[in-house]
Amino acid sequence: MMLQAAPDPLLRVENLVVEYAVGGKTVHAVSDVSIEIARGETLGLVGESGCGKSTLGRAVLQLRPAVSGKVLFDGHDLTTMQGEALRRMRRRVQLIFQDPIASLNPRRRIGDIVAEPLVISGVKDPGRRSQLVHDVLSAVGLDPALVIGRLPHEFSGGQCQRICIARALVLNPDFVICDEPVSALDVSIRAQILNLLEEMKARYGLTLLFIAHDLAVVKAVSDRVAVMYLGRLCEVGPSEQLFARPAHPYTALLIDAIPVPDPDIRPAETVPVGEPPSPIAPPSGCRFRTRCPRADARCANEVPELRAVAPGQFAACHHPLV
Amino acid sequence: MATLELGLEEDVSAAPVRPARRLGALFRLAIGWMMLVFAVAILADMLPLPSPTDMDMLEKRAPFSFEHWLGTDGFGRDELARLVYGARVSLVVGLCAPVIGLTIGGALGMLAGYFRGRFETFVVGSMDVLLAFPPLVLALAVTAYLGQSIFNLTCILGVLGIPAFMRVARAATLSLARREFVIAAQALGATHARILLRELLPNVLLPLLAYFLLVVAVTIVVESALSFLGLGVPPPVPSWGSMIGEGRESLDVAPRLAFIPAIAMFLTVLSFNLVGDTMRALTDPRQGAL
């Protein structure tokens, strides 16, 4: 199965499996996921809470060990790397978290927090460090002179997220994983942070993996979108195309569930029933079949492979909508 | 997403308001008393005091006088001098023993809370064993074998304090180690030692230090209790506990001999507790929430 986005992708995940033990049971967090991200691209990753999207993001950085599969970053397999080599590679990949306040050490000054990546990566000259910290803080829209001596609790959530973005960018990385970067923020602040990310992407030439459960946000920022359900990829495709003509019933249901700001429009009747099944015991065959209106016997027996349904658009479904 | 087009600039120039922090008169009194006790204990040799061990059998239980400000005890020794030299023992044991507990217990607790797994099980298990051991029996056993001295007493009380410090450090580390800023440091490629020292220690140190001051107060009391029972520093070296113990014999004729050291100890312990509570409230960046 090929999901070729470009001839020379920056990140290529091959058949990645991540599992972890909870109380003696195995949680199948990520099952056999393969995906590619081209240089300069923003890939949106959507799915319900607990579908494994954050785990996938962390497994890329080797913060969670993979059971099997490969994570090829710029041609190097991160899953086989250890120690200093892995640490050097990690500097090119940065992470932005959901809770901006919890991702800053409450007892360290902003200047130290933003300089920390430089210290770890061995920038010895304090003058050079402070120059880089000043530059990156100005780039994210904060006044370096005002913020470096302060503690995180003196800032709002939106300002903390700017500081987190500054920390992620200070090493001039190639790839940034944004793990729900705006879901903890006020709606009025979201747009600012999203605009800032777009601006930074252009300025630093970044490639982004944008993890979110908010389809509207993902649609606004992504070039391509991947939809995940219970540890598996359902559908991958260019953003516009996927939202206009979803091929997987789950994608269609997600899009139908986006609220329309008009009180006269009735909510769609096709909202999936019930909770997603537990990732400890996922359903056989297609994992979405227990909530899918189109499911039949074949869906229970055969795991659907990702297949091309349109140019650039792939869906893992036996009965695609297009 | 029409909201995406909004370009409102966040107001980052407004200076965050620091809450005004006021120190009460009680806190000042507590600090004043602690400084007085520290000063006389350190400068005891230089103060114009009679020897705390010279006996004057003609002046047994003498009342307050210009010569003996706080009178004399049952052996005619100057009460004020014994009180001052007794403060030395109380402070040395009261401060050194918790330092042992803080260092060893704090390190064990942080390692257990960060690395988890078998190491944590082992540490928590052995601390439970130590906690289950009756402290007085341990003190008796050690003093019986190694003899009574300030050093031995400090070591016993220090070791007995390790489990409590370990628990405080482990609880604080456990709640912090899964926070995003620790994961962020891991993602940056920081080593375990760096994460423990730079990310976790500054956050764990404060609850530990607040607890430290409480343990100082408790240790002073325990040292006195052991001295009262005759397990503390050997006579004739004065200690507040042994002074109360000796004063007990003449409670009916000269109750002040027991009450004066008791009051000194009460005020010192109260001061440590007050300062400990205030320090914790003062140094918490977000009051009541971490």
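Among the candidates A:Ala21, A:Ala29, single out the residue that is within 18 Å of the chain's Cα centre (by Cα) and more than 25 Å from B:Ala190 (Cα to Cα).
Values: A:Ala21 fails: within 18 Å of the chain's Cα centre (by Cα).
So the residue among A:Ala21, A:Ala29 that is within 18 Å of the chain's Cα centre (by Cα) and more than 25 Å from B:Ala190 (Cα to Cα) is A:Ala29.
With A:Ala191, A:Ala216, A:Ala202 as the choices, which residue is surrounded by fewer than 16 Cβ atoms within 10 Å (Cβ to Cβ) and free of Cβ contacts under 8 Å to residues at least 12 places away in the same chain?
Numbers: A:Ala191 fails: surrounded by fewer than 16 Cβ atoms within 10 Å (Cβ to Cβ); A:Ala216 fails: free of Cβ contacts under 8 Å to residues at least 12 places away in the same chain.
The unique qualifying residue is A:Ala202.
Go through the range A:159-194 and give me each residue that's more than 27 Å from A:Leu10 (Cα to Cα) and more than 10 Å from chain B (Cβ to nearest Cβ).
A:Cys160, A:Ala184, A:Leu185, A:Asp186
Since A:Ser138 meets every condition but one in (1) more than 10 Å from every other protein chain (Cβ to nearest Cβ); (2) more than 24 Å from the chain's Cα centre (by Cα); (3) not in a helix (DSSP H, G or I), which condition does it not meet?
All conditions are met except number (3).
On the basis of being modelled with pLDDT under 90 and among the β-branched types (Val, Ile, Thr), does A:Ile165 make the cut?
On the way: modelled with pLDDT under 90: no; among the β-branched types (Val, Ile, Thr): yes.
No; evaluated as a whole, the condition is false for this residue.
Out of the range A:96-107, which residues are more than 7 Å from every other protein chain (Cβ to nearest Cβ) and in a loop (DSSP other than H, G, I, E, B)?
Result: A:Gln98, A:Pro100, A:Ile101.
Go through (1) surrounded by 15 or more Cβ atoms within 10 Å (Cβ to Cβ); (2) at pLDDT 85 or above; (3) aromatic (Phe, Trp, Tyr) one by one and return the number of the condition B:Phe266 breaks.
(1)
What residue, of B:Pro236, B:Pro285, is at pLDDT 75 or above and part of a loop (DSSP other than H, G, I, E, B)?
The conditions single out B:Pro236.
Looking only at the range B:143-150, decide whether some residue is buried (at least 20 other Cβ atoms within 10 Å of the Cβ) and either more than 14 Å from chain A (Cβ to nearest Cβ) or at pLDDT 90 or above (or both). Quick ask: steps written out before the conclusion?
Filtering the range B:143-150 for residues buried (at least 20 other Cβ atoms within 10 Å of the Cβ) gives none.
The answer is no, given that none of the residues of the range B:143-150 is buried (at least 20 other Cβ atoms within 10 Å of the Cβ) and either more than 14 Å from chain A (Cβ to nearest Cβ) or at pLDDT 90 or above (or both).
What residue, of A:Ser222, A:Ser156, is crowded, with 17+ Cβ neighbours inside 10 Å and facing chain B (nearest Cβ under 9 Å)?
Just one listed residue meets the conditions, A:Ser156.
Restricting to the range A:39-62, what's the tally of residues that are in a loop (DSSP other than H, G, I, E, B), surrounded by 19 or more Cβ atoms within 10 Å (Cβ to Cβ) and more than 14 Å from every other protein chain (Cβ to nearest Cβ)?
4
Which of the residues that make up the range A:64-80 are of a type in the set (A, V, I, L, M), out of contact with any helix residue (DSSP H, G or I) (no Cβ under 6 Å at 6 or more places or on another chain) and in a loop (DSSP other than H, G, I, E, B)?
Hit for the range A:64-80 is A:Val67, nothing else.
What pairs come up if the first residue lies in the range A:289-316 and is under 25 Å from A:Glu240 (Cα atoms), the second is surrounded by 15 or more Cβ atoms within 10 Å (Cβ to Cβ) and of a type in the set (Ser, Thr, Tyr), and their beta carbons are under 9 Å apart, counting only those six or more places apart or on different chains?
Between residues of the range A:289-316 that are under 25 Å from A:Glu240 (Cα atoms) and residues that are surrounded by 15 or more Cβ atoms within 10 Å (Cβ to Cβ) and of a type in the set (Ser, Thr, Tyr), the close pairs are A:Cys292/A:Tyr250; A:Leu306/A:Ser34; A:Ala315/A:Thr251.
Kindly list, by first and then second residue, each pair from a residue in the range A:16-37 that is without any contact (Cβ under 8 Å) to a residue 60 or more places away in the chain and buried (at least 17 other Cβ atoms within 10 Å of the Cβ) to a residue that is charged (D, E, K, R) and part of a strand (DSSP E or B), limited to pairs with Cβ atoms under 7 Å and residues at least 6 apart or on different chains.
Going by the 7 Å Cβ cut-off, the qualifying pairs are A:Glu36/A:Arg12.
State which residue is nearest to A:Pro181 (Cα to Cα) when the search covers only the range B:177-192 and only residues that are part of a loop (DSSP other than H, G, I, E, B) and within 7 Å of chain A (Cβ to nearest Cβ).
At the first step, the residues of the range B:177-192 found to be part of a loop (DSSP other than H, G, I, E, B) are B:178-179, B:188-191.
Filter once more, keeping what is within 7 Å of chain A (Cβ to nearest Cβ): B:179, B:188-190.
Numbers: B:Arg179: 16, B:Leu188: 18, B:Gly189: 21, B:Ala190: 22 Å.
Filtering the range B:177-192 for residues that are part of a loop (DSSP other than H, G, I, E, B) and within 7 Å of chain A (Cβ to nearest Cβ), the one nearest to A:Pro181 (Cα to Cα) comes out as B:Arg179.
The values are calculated or read from the model by the stated rules, or taken from the named source; none is laboratory data. Bear in mind the structure is a predicted one, so any value in this text is a computation, not a measurement. Methodologically, a virtual Cβ is constructed for each residue, glycine included, from the backbone with ideal geometry; neighbour enumeration extends over all protein chains shown.
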